[in-house]
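First up is the structure itself, then whatever we jot down about it.
The values are calculated or read from the model by the stated rules, or taken from the named source; none is laboratory data. None of the values given here were measured: they were computed from a predicted structure. Quick reminder, even Gly has a Cβ in these numbers, built from the backbone with ideal geometry, and neighbours come from all protein chains shown. Surface areas here come from the heavy atoms of the whole protein model, side chains and all, with no ligands, DNA or RNA. Shrake-Rupley method; radii C 1.70, N 1.55, O 1.52, S 1.80 Å.
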Amino acid sequence: MRRKLAAGNWKMNGLAASLGEVHDLVAAHPEPAVDILLCPPATLVASMVAAKGAHALAVGGQDCHTAPSGAHTGDISADQLRDAGAGAVILGHSERRADHGETDALVHTKAQAAFAAGLTAFICIGETLDERETGTTLDVVGTQLAGSAPETSTGANTVIAYEPVWAIGTGKIPTLEQIAEVHGFIRSELVARFGDEGKKMRILYGGSVKPSNAAEIFAVADVDGALVGGASLKAADFSPIISALEAA
């Protein structure tokens, strides 16, 4: 039985004053029936860990370098994230792939670094609007999945996040049938490659998830939760999504 997971990606948002949202979220879900993860900018990882206290809320990073240390100005390693209290890291987000030219091979190596540091790797995959309209979605998603997830991926150290690029921050969203098709395809690919571990890996949907549409998305087969962007910045927006997942 895969435990449901609500993950929030703050992206390049949040200052120390934003940690009040963590207190509100913890207060709203003192004993959550699902896993909750927040990934703030690296400047807030340690302070968010402190702010949540003993609550089950997990904290993660938004990227990591392939090396554990070294002359890489401006980068952060998986070991440093772990040292700051993080338990996970988002890898291969479409914004990283687009803005920094990250390839499947690079994401693969970063995931290996995350595993070595004891972090769970959230591997992001998804198609562009052009790829969706030309009917190559499953080819694109399959190629990204095959190239990005290491052979040592397991249900314990890997989460797959399907985020159609054209739905991120746009308010647009695939139909429930489209979400079901891609999630079902991802599950079949995971099981074919990893066997029982592929059955254990959680697959999240991401892309304009909000309180108004969360329940219907979570009712789709093989949707084990969500990777939420803007709606995770405020407890008042993220909390109803968590509640919808708990009720799914």
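General observations
- In the range 146-175, residue least open to solvent (accessible area, probe 1.4 Å) [restricted to those that are in contact with an Asp or Glu (Cβ under 6 Å, 6 or more places away or on another chain) and assigned to a helix (DSSP H, G or I)]: Ser148
- Flag for Asp130 being under 30 Å from Lys52 (Cβ atoms) and without any contact (Cβ under 8 Å) to a residue 24 or more places away in the chain: no
- Only residues that are assigned to a helix (DSSP H, G or I) and either touching a Pro at 6+ places or on another chain (Cβ under 8 Å) or open to solvent by 60 Å² or more (accessible area, probe 1.4 Å) (or both) were counted in the range 198-248, giving 14.
- Some residue of the range 104-111 being charged (D, E, K, R) and either over 23 Å from Leu38 (Cβ atoms) or out of contact with any strand residue (DSSP E or B) (no Cβ under 6 Å at 6 or more places or on another chain) (or both): yes
- Hey, Thr154 within 21 Å of Thr103 (Cβ to Cβ), modelled with pLDDT of 95 or more and either in contact with a Phe, Trp or Tyr (Cβ under 7 Å, 6 or more places away or on another chain) or among the β-branched types (Val, Ile, Thr) (or both) or not: no
- The single condition from (1) in contact with a His (Cβ under 8 Å, 6 or more places away or on another chain); (2) not in a helix (DSSP H, G or I) that Phe122 fails is (1).
- Glu133 surrounded by fewer than 22 Cβ atoms within 10 Å (Cβ to Cβ) and either modelled with pLDDT of 95 or more or touching a Ser or Thr at 6+ places or on another chain (Cβ under 8 Å) (or both): no
- Qualifying residue in the range 233-241 (condition: at pLDDT 95 or above, in contact with a strand residue (DSSP E or B) (Cβ under 9 Å, 6 or more places away or on another chain) and farther than 26 Å from Asn157 by Cβ): yes
- Options Ser94, Ser69, Ser18, Ser47: the member that is more than 29 Å from Val220 (Cβ to Cβ) and in contact (Cβ under 8 Å) with a residue 60 or more places away in the chain: Ser18
- Residue check: Leu190 meets all listed conditions (1) closer than 20 Å to Leu129 by Cβ; (2) crowded, with 17+ Cβ neighbours inside 10 Å but one, namely (1).
- With respect to (1) open to solvent by 10 Å² or more (accessible area, probe 1.4 Å); (2) hydrophobic (A, V, I, L, M, F, W, C); (3) in contact with a helix residue (DSSP H, G or I) (Cβ under 8 Å, 6 or more places away or on another chain), the lone exception for Ala180 is condition (3).
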